[in-house]
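Working notes, structure below.
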């Protein structure tokens, strides 16, 4: 295994130590738990935004801490949900009297642990709501959206509810708008190379020399099709058709496009994919309001990328366009 | 070769098409040449900042186009210098009457082509200066700095001269401060996995299963030592000692630290490396003014990272801290 680590068992602790030392202007760590919070948390008069999940997806989750984004992150081990106590401490650390919104991906461990933490916090009188992201169209058929995994669409959720909370919106409003983001967001991924898990030295999945997995999950979960390597245009077209037909996105829609590198796929390739995405959207008379291209939610050094589309209304456009100042996501 | 491309011969053209479609708010392309410029170029009353080089280093070079950074980029083929005509057109496109500063890495093709373009522009009465970045301590011994390659230190140069030009500084001032950045900047890289060149399908270098190359260049050039894989702390210590002793950095210095992923190395690993960097700097009583960690200057999907340190004075600190709004580099 070729990785720049020390002892695998110290991985998360050393990474967090480096992160906090690197960004003391934006984040701090709770003394009790593996929880990072925005430097100035709890922010008076603002609903706290809490997220978290397994490590190995950087810049998710801790790179989104900051003004206009996320207030606290409960940090899990590599690809493992954070324990209940961490989520609970995260909630308490960012509650300033206005309550807390939990944002999480649809994974059983996260759903269970965030749910139990919510109960504990509510028992202490903290108002809590939660939003479960399930944007991955490849992970379960239409009509069974509740079984779908959450992938890079969670970035869109953080951006929108982060901006809305900064404006002073209350918890019911955040819940309503956040659910609207989830309802209007669809993603699909593709990968040709697994990541190697630093804890075990094993690949997240096995795949042939000229193969790729269409619909792959953020932890290397199987998708809908194992196929030969295709050209950028072919695979992008295939993914876009699945995404567009699922919602469905329609002529006249305005969308946010997020092209997300999963680890080792170059920006050069992401822009070649975006060229085809823009062609397809133009053909369907769907206009692009804003584009995010880069590494937003990775799977260590997995080779592949995902496409996320969110249908926007005027309110969502305003919130997407609002400034933010996260550790790894800054917008004027 | 597992890459999301179409025909290799169309790679650069398709990437540029995608890039311009993705960021119409920040960049536009000249009609005549493969040159991208800041949307509002030429900016009245401001010296133009021009850079460029081979493709495959994204977000360098075109990701640094934007306010407070770079005004024009002459785009080369994969790892190949841009032709003279492109640099010349870039200069003309951003000259608003105040002249143009060229920033380039110390590679023979770039030095030759930027030099000839400068002569052409000066013959037309455009005042031009240039700064050659040579921050890679592993590429030639101390005392022969003029033979050293330019690597991620060029990002620091763009940040500083970009901010200074935005303030309205004139060309001689930009030249003076830019040269000061180069004199105070040192870098070193390490890699354990080559990238595959999309044009040929061949790796940029060959290396054993448990080996890494210390001092590797941004195109996979050999460094100073081929060794077994070391721990993150060991390799970071080795690189830091070479960097610190070269300038040398001394007790009481204030520095910018740039930890740059070369392609497939995860942010998680970069933060583990930064943890050790911070320890070493603390031991030497060198204080960290600001930290940049992420992918700033890559070599496609090469596995590895580089460390860059710049010694800062009050003027450089102010310019590093100034806001910027580049395509892939935004700071409040």
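Scanning region B:11-56 for residues that are in contact with a helix residue (DSSP H, G or I) (Cβ under 9 Å, 6 or more places away or on another chain) and without any contact (Cβ under 8 Å) to a residue 24 or more places away in the chain returns B:14, B:17, B:18, B:21, B:22, B:28, B:29.
Counting residues that are within 23 Å of residue A:267 (Cβ to Cβ) and in contact with a strand residue (DSSP E or B) (Cβ under 8 Å, 6 or more places away or on another chain), which strands (runs of 3 or more DSSP E) fully inside region B:72-143 reach at least 3? Steps first, answer last, please.
Numbers: elements: B:72-78, B:100-105, B:128-133.
Where strands (runs of 3 or more DSSP E) fall fully within region B:72-143 and carry at least 3 residues being within 23 Å of residue A:267 (Cβ to Cβ) and in contact with a strand residue (DSSP E or B) (Cβ under 8 Å, 6 or more places away or on another chain), they are B:72-78, B:100-105.
Set side by side, the residues A:138, A:152 differ, and just one is farther than 19 Å from residue A:95 by Cα, touching a residue at least 24 places away in the same chain (Cβ under 8 Å) and over 14 Å from the mean Cα position of the chain (by Cα), which is A:138.
Being in contact with a helix residue (DSSP H, G or I) (Cβ under 9 Å, 6 or more places away or on another chain), at the interface with chain A (Cβ under 8 Å from one of its Cβ atoms), in contact (Cβ under 8 Å) with a residue 12 or more places away in the chain and under 28 Å from residue B:248 (Cα atoms) is a condition met by at least one residue of region B:303-324.
Restricting B:228, B:290, B:284 to residues that are in contact with a strand residue (DSSP E or B) (Cβ under 6 Å, 6 or more places away or on another chain) and on the phi < 0 side of the Ramachandran plot narrows the list to B:290. Out of the residues in region A:245-268 that are over 17 Å from residue A:294 (Cα atoms) and in contact with a helix residue (DSSP H, G or I) (Cβ under 8 Å, 6 or more places away or on another chain), state the one that is farthest from the other protein chains (Cβ to nearest Cβ). Residue satisfying both the conditions and the ranking: A:246. Residue check: residue A:274 meets all listed conditions (1) buried (at least 20 other Cβ atoms within 10 Å of the Cβ); (2) away from every other protein chain (no Cβ under 12 Å); (3) outside any strand (DSSP E or B); (4) touching a strand residue (DSSP E or B) at 6+ places or on another chain (Cβ under 6 Å) but one, namely (2).
If I filter region B:60-70 for residues that are in contact with a strand residue (DSSP E or B) (Cβ under 9 Å, 6 or more places away or on another chain) and within 27 Å of residue A:213 (Cα to Cα), do I get at least one hit?
The first filter runs over region B:60-70 and keeps only residues in contact with a strand residue (DSSP E or B) (Cβ under 9 Å, 6 or more places away or on another chain), leaving B:60-70.
Checking the rest, the ones that are also within 27 Å of residue A:213 (Cα to Cα) come to none.
The answer is no; no qualifying residue exists.
Among the conditions (1) more than 14 Å from every other protein chain (Cβ to nearest Cβ); (2) surrounded by fewer than 22 Cβ atoms within 10 Å (Cβ to Cβ); (3) closer than 20 Å to residue A:271 by Cα, residue B:21 misses just one, which is (1). Within region B:207-220, can one find any residue that is buried (at least 16 other Cβ atoms within 10 Å of the Cβ) and out of contact with any strand residue (DSSP E or B) (no Cβ under 8 Å at 6 or more places or on another chain)? No, there is no match, as no residue in region B:207-220 is buried (at least 16 other Cβ atoms within 10 Å of the Cβ) and out of contact with any strand residue (DSSP E or B) (no Cβ under 8 Å at 6 or more places or on another chain).
Among the residues making up region A:116-143, those that are under 15 Å from residue A:86 (Cα atoms) and crowded, with 16+ Cβ neighbours inside 10 Å are A:117, A:118, A:120, A:121.
Is there a residue being surrounded by fewer than 24 Cβ atoms within 10 Å (Cβ to Cβ) and over 14 Å from the mean Cα position of the chain (by Cα) anywhere in region A:49-57? Within region A:49-57, none of the residues are surrounded by fewer than 24 Cβ atoms within 10 Å (Cβ to Cβ) and over 14 Å from the mean Cα position of the chain (by Cα).
Every residue, every condition in (1) in a loop (DSSP other than H, G, I, E, B); (2) within 16 Å of the chain's Cα centre (by Cα); (3) closer than 30 Å to residue B:98 by Cα, yes or no:
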site	(1), (2), (3)
B:178	no, yes, yes
B:188	no, yes, no
B:201	yes, no, no
B:213	no, no, no
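Screening residue B:84 with (1) surrounded by fewer than 22 Cβ atoms within 10 Å (Cβ to Cβ); (2) in contact (Cβ under 8 Å) with a residue 24 or more places away in the chain; (3) within 14 Å of chain A (Cβ to nearest Cβ) gives one miss only, at (3).
Would you confirm whether or not region B:320-332 contains a residue that is more than 19 Å from residue A:329 (Cα to Cα) and buried (at least 19 other Cβ atoms within 10 Å of the Cβ)? So far as region B:320-332 goes, no, none of its residues is more than 19 Å from residue A:329 (Cα to Cα) and buried (at least 19 other Cβ atoms within 10 Å of the Cβ). Kindly indicate the residue of region A:284-296 that is under 13 Å from residue A:264 (Cα atoms) and either in contact with a helix residue (DSSP H, G or I) (Cβ under 6 Å, 6 or more places away or on another chain) or surrounded by fewer than 24 Cβ atoms within 10 Å (Cβ to Cβ) (or both) and also farthest from the other protein chains (Cβ to nearest Cβ) among those meeting that condition. Filtering first and then ranking leaves A:296.
Hey, among the residues in region B:24-58 that are under 12 Å from residue A:268 (Cβ atoms) and in contact with a strand residue (DSSP E or B) (Cβ under 6 Å, 6 or more places away or on another chain), which one's farthest from the other protein chains (Cβ to nearest Cβ)? Can you show your working first?
Step one: of region B:24-58, the residues under 12 Å from residue A:268 (Cβ atoms) are B:54-58.
This time we only want the ones that are in contact with a strand residue (DSSP E or B) (Cβ under 6 Å, 6 or more places away or on another chain), so: B:54-56.
Working: B:54: 12, B:55: 7, B:56: 7 Å.
The qualifying residue farthest from the other protein chains (Cβ to nearest Cβ) is B:54.
Of all residues in region B:194-206, those satisfying the criterion of being surrounded by fewer than 21 Cβ atoms within 10 Å (Cβ to Cβ), out of contact with any helix residue (DSSP H, G or I) (no Cβ under 8 Å at 6 or more places or on another chain) and within 13 Å of chain A (Cβ to nearest Cβ) are B:196, B:197, B:201. The number of residues in region A:277-297 being within 21 Å of the chain's Cα centre (by Cα), assigned to a loop (DSSP other than H, G, I, E, B) and farther than 19 Å from residue B:329 by Cα comes to 0.
Please indicate, with yes or no, whether at least one residue in region A:116-124 is within 16 Å of the chain's Cα centre (by Cα) and at pLDDT 95 or above. Within region A:116-124, not a single residue is within 16 Å of the chain's Cα centre (by Cα) and at pLDDT 95 or above. A residue that is closer than 21 Å to residue A:274 by Cα, surrounded by fewer than 21 Cβ atoms within 10 Å (Cβ to Cβ) and either touching a strand residue (DSSP E or B) at 6+ places or on another chain (Cβ under 6 Å) or more than 10 Å from chain B (Cβ to nearest Cβ) (or both) occurs nowhere in region A:172-182. In this structure, is residue B:234 surrounded by fewer than 24 Cβ atoms within 10 Å (Cβ to Cβ), farther than 20 Å from residue B:317 by Cβ, more than 12 Å from chain A (Cβ to nearest Cβ) and out of contact with any strand residue (DSSP E or B) (no Cβ under 8 Å at 6 or more places or on another chain)? Judged against the criteria, residue B:234 is not a match.
The values are calculated or read from the model by the stated rules, or taken from the named source; none is laboratory data. All values derive from a computational prediction rather than experimental measurement. Positions of Cβ are backbone-derived with ideal geometry, glycine not excepted, and every protein chain shown enters the neighbour counts.
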